[in-house]
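The values are calculated or read from the model by the stated rules, or taken from the named source; none is laboratory data. Because the structure is a prediction, the values reported are computed rather than measured. Here the Cβ positions follow ideal geometry from the backbone for every residue, glycine too, while neighbour counts run over all protein chains shown. Note: accessible area is taken over every heavy atom of the protein model, side chains too, but ligands, DNA and RNA are not part of it. Shrake-Rupley method; radii C 1.70, N 1.55, O 1.52, S 1.80 Å.
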Protein chains: 2
Amino acid sequence: MIDIAIIGAGPAGLSAAINGVIRNKKVKVFGNPPSTSYIYKAERVDNYIGMLGVNGKDMMNEFVNHAKEMGVPIQIGKVIEIFPMGDYYMLNVENEFIEARTVILANGFSKGTVLEGENEFLGKGVSYCATCDGPLYRGKTVAVIGDSDYAEEDANYLSEVCEKVYYIPQYKDIKSLNANVEVLEGKPKKILGETVVERIQLNQSDLEVSGVFIIKQNIPSAKLLQGLEMENKAVKVNKFMETNMKGIYAAGDCTGRPYQVAKAIGEGNVAALQAVNYLHSFKK
Amino acid sequence: MIDIAIIGAGPAGLSAAINGVIRNKKVKVFGNPPSTSYIYKAERVDNYIGMLGVNGKDMMNEFVNHAKEMGVPIQIGKVIEIFPMGDYYMLNVENEFIEARTVILANGFSKGTVLEGENEFLGKGVSYCATCDGPLYRGKTVAVIGDSDYAEEDANYLSEVCEKVYYIPQYKDIKSLNANVEVLEGKPKKILGETVVERIQLNQSDLEVSGVFIIKQNIPSAKLLQGLEMENKAVKVNKFMETNMKGIYAAGDCTGRPYQVAKAIGEGNVAALQAVNYLHSFKK
């Protein structure tokens, strides 16, 4: 059992991780590759004190190195859902199941709006994870909605198992898609069907599909964990970064504005120390 | 008129300052010399991400350099009191009066308990500032209670104007006191008098004095600013580092546990950006 599972490998997550390790806790970070962090693309950051005039890429590399030097294990992988199990939590990391006593949500800001039909058909044709659910669509037709080029890998994988893959990018500049993936312009409007997904409606067309994969860089926190209290689309936290659920903390952009490196790092620090306090209450 | 006056030149204050400057605000930091910051004495800090294995002194120097490189003016001086003036504030900085539209309290954690008689005789023989009130005690006898060697300078100054100075250190290892300052061991118990200070009671003795100077590295926030709401001896803030008073923000150790560099820096960042938002509301 992990003491502190950290969802997100950006500044908040890595700051939380080093603070957990320093307090001798078994910590593990799950996240996208560091290069997908927003901050990675920043040309110059001047307002994280101690690192004047650094670019985002060097900054993230420095953070990752710091964490690695301190022995923080970082697993590249997407946490799909978190299940409360009484006094611990179970994480579904692309269908690998991992137990953790506490969880720090540092999964960033999710810009995604919810599509009409998305909640209704979740698990009935709508999926957030190609690795998990791809095999269910062997020989079928699916649509993939991607919010960053990170989703192209999922579309490519699906193109190997499905009969047909439509790719509907919600960003510019496609990087690398298999030739048999069909790219469609436009915004998805609605997911339709009787009891399972049958169609997806775009601006100007209607596609017959058996599955819709919505691949977001960050799964919205409220989707990750049922019962998590939100406030203005952010995870609601108190000053100790506690959420409404015991053993669940949040830090960084997922707790709301301002979206800043220093804020994220401070919150990661506080969340980890609070998780450590909570862990000690089990040892008594 | 300063846009953002920052009380405290530690990690929280300097982080706030660079964020104010980056947003083109007129910022000024008032504080003790950086070497008096708690963090300055830390042997090794590993949990501020991006600066692995640094000692406290190097860390503080790095922070100060960063701030100076960005043009942050730092004035060494003690803010004695802050007065609300409607839509701005007036700061008493050792009897220099400075106007500021907003104030960020980053004055650290004050360990001081209040002495019996301290509040009662404040302004009637009890003073927090030798530079301000020293001249009133020309030719008289005073006691100085110091919580760090920073107070020795005040005792030395008073020894030049007063008839007699007793020094009652609440720390070990005196650094440099004038020969005519008499050092007394023990804890002060009580300040006594009819309408003004006449005596101070120590563990085992009673001294006749006209003035008692209580020189703390940090003046408690609630003393700095009448009407400021506190909670568990810390300044009460919301997630945007707003206090109960308009235009007054707080960051770092003065807002409570955990006492951590990363937390302080994150809070300084948030407080400054919130002050900037508030300042913009005046321009409309």
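For this structure, a couple of remarks:
- Considering segment A:49-92, the residues that are in contact (Cβ under 8 Å) with a residue 40 or more places away in the chain and in contact with a Lys or Arg (Cβ under 7 Å, 6 or more places away or on another chain) include one that is nearest to the other protein chains (Cβ to nearest Cβ), namely A:P73.
- A:S15 being within 14 Å of chain B (Cβ to nearest Cβ), surrounded by 20 or more Cβ atoms within 10 Å (Cβ to Cβ), under 12 Å from the mean Cα position of the chain (by Cα) and not basic (K, R): no
- Residue within segment B:258-271 that is within 23 Å of B:N47 (Cα to Cα), within 13 Å of chain A (Cβ to nearest Cβ) and surrounded by fewer than 20 Cβ atoms within 10 Å (Cβ to Cβ) present: yes
- Taking every residue in segment B:257-284 that is within 18 Å of A:G20 (Cβ to Cβ) and not assigned by TED's automatic domain parsing to the domain that holds B:S37 and pairing it with any residue that is in a loop (DSSP other than H, G, I, E, B) and at pLDDT 95 or above, at least 6 positions away or on another chain, yields no pair with a Cβ-Cβ distance below 7 Å.
- Selection of segment B:123-179 for residues being more than 24 Å from B:P220 (Cα to Cα) and either of a type in the set (S, T, N, Q) or assigned to a strand (DSSP E or B) (or both) yields B:T141, B:S159, B:K164, B:V165, B:S176, B:N178.
- Close pairs (7 angstrom Cβ cut-off, 6 or more residues apart or separate chains): in contact (Cβ under 8 Å) with a residue 24 or more places away in the chain and polar (S, T, N, Q) in segment A:131-146, part of a loop (DSSP other than H, G, I, E, B) and buried (at least 17 other Cβ atoms within 10 Å of the Cβ) anywhere: A:T141/A:C162; A:T141/A:V209; A:T141/A:S210
- Residue tally, condition within 10 Å of chain A (Cβ to nearest Cβ) and either within 21 Å of B:D87 (Cβ to Cβ) or surrounded by fewer than 22 Cβ atoms within 10 Å (Cβ to Cβ) (or both), over segment B:242-257: 2
- A:I49 being open to solvent by less than 70 Å² (accessible area, probe 1.4 Å) and closer than 30 Å to A:I191 by Cβ: no
- The condition of being polar (S, T, N, Q) and open to solvent by 50 Å² or more (accessible area, probe 1.4 Å) holds for only one of B:Q75, B:Q170, that being B:Q170.
- Filtered residues of segment A:1-12 (kept if open to solvent by less than 40 Å² (accessible area, probe 1.4 Å) and closer than 22 Å to A:K246 by Cβ): A:I2, A:D3, A:I4, A:A5, A:I6, A:I7, A:G8, A:A12
- Selection count, segment A:18-35, where residues are open to solvent by 10 Å² or more (accessible area, probe 1.4 Å), within 12 Å of another protein chain (Cβ to nearest Cβ) and not in a loop (DSSP other than H, G, I, E, B): 2
- Count of segment B:163-197 residues which are within 20 Å of B:C129 (Cα to Cα) and in contact (Cβ under 8 Å) with a residue 60 or more places away in the chain: 6
- Condition met for B:I145 (among the aliphatic types (A, V, I, L, M) and either at pLDDT below 90 or assigned by TED's automatic domain parsing to the domain that holds B:A262 (or both)): no
- Look at (1) open to solvent by 10 Å² or more (accessible area, probe 1.4 Å); (2) outside the structural domain of B:V21 (by TED's automatic domain parsing); (3) not hydrophobic (A, V, I, L, M, F, W, C) and you find that B:K236 fails only one, number (2).
- Residue match in segment B:92-106 (condition: over 30 Å from B:I191 (Cα atoms), open to solvent by 30 Å² or more (accessible area, probe 1.4 Å), assigned by TED's automatic domain parsing to the domain that holds B:V276 and assigned to a strand (DSSP E or B)): yes
- Residue within segment A:81-88 that is within 21 Å of A:Y150 (Cα to Cα) and either acidic (D, E) or surrounded by 19 or more Cβ atoms within 10 Å (Cβ to Cβ) (or both) present: yes
- Condition check for B:E118: of a type in the set (D, E), surrounded by 15 or more Cβ atoms within 10 Å (Cβ to Cβ) and closer than 20 Å to B:Q201 by Cβ: yes
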